[in-house]
Amino acid sequence: MNSVPASQPTPPASPPPAPPAAPPRLLDQLCQAARQRRHPEPTVAAFADWNRRFILFHGKRPPRELGLPEVGQFLESVAQTEKGLCPF
């Protein structure tokens with residue numbers, strides 16, 4: 001008679017470690033900082049919108065790489081493209 005050894009029960013597999021949480025995105029950080037300073041929500045939204053437009057205008061370059069010349073380029077572009085839209 002050929003006896004088959006009793007198989008050992010396999011221990012339950014532990015779940016893989018969770019990936020580290022991604023840091024908050026830049027615009028989320030900006031909104032959070034504005035809210036902590038108790039700015040009203042419309043101001044927070046406008047602040048985020050201007051920052052988003054600035055970043056997109058410069059091809060999504062990291063804002064840390066941008067300086068005063070890039071701010072000037074952005075504002076000049078806004079002044080040219082939105083001429084006549086200001087109600088004042």
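Here the Gaussian network model covers the chain, with springs between Cα atoms less than 10 Å apart; of Ala33, Ala18, Ala46, Ala18 fluctuates the most. Each residue of segment 38-51 was assigned a 3J(HN,Hα) from its phi angle through the Karplus expression (A = 6.51, B = -1.76, C = 1.60, θ = phi - 60°), giving 6, 6, x, 4, x, 5, 4, 5, 5, 4, 5, 5, 4, 5 Hz with x at Gly and Pro.
At 222 nm, what value in deg cm²/dmol follows for the chain if DSSP H runs of at least 4 each add -39500 (n - 2.57) and the sum is divided by all its residues, to the nearest 500?
-15500 deg cm²/dmol
When you filter the GluC sites (Glu not before Pro) in segment 35-84 for DSSP loop state and at most 15 other Cβ atoms inside 10 Å of their Cβ, you are left with Glu82.
Averaging Cα coordinates gives a centre for segment 66-82 and one for segment 11-36; these two points are 33 Å apart.
Loop-located trypsin sites (Lys or Arg not before Pro) in segment 29-88 (DSSP state other than H, G, I, E, B) with a sparse environment of at most 13 neighbouring Cβ atoms within 10 Å: Arg37, Arg38, Lys60, Lys83.
Read through the labelled values (i) 51; (ii) 37; (iii) 57 and report the label of the one computed as percent of Cα pairs over 24 Å apart from the structure. It is the value labelled (i).
Accessible surface ranking for Phe54, Phe47, 1.4 angstrom probe, highest first: Phe47, Phe54.
The values are calculated or read from the model by the stated rules, or taken from the named source; none is laboratory data. What you see is a predicted model; the values in this text were computed from it and never measured. Here Cβ is always computed from backbone atoms with ideal geometry, including for glycine, and neighbour counts include all displayed protein chains. Quick note on the areas: whole protein, heavy atoms, side chains included, nothing else; ligands and nucleic acids left out. Shrake-Rupley method; radii C 1.70, N 1.55, O 1.52, S 1.80 Å.
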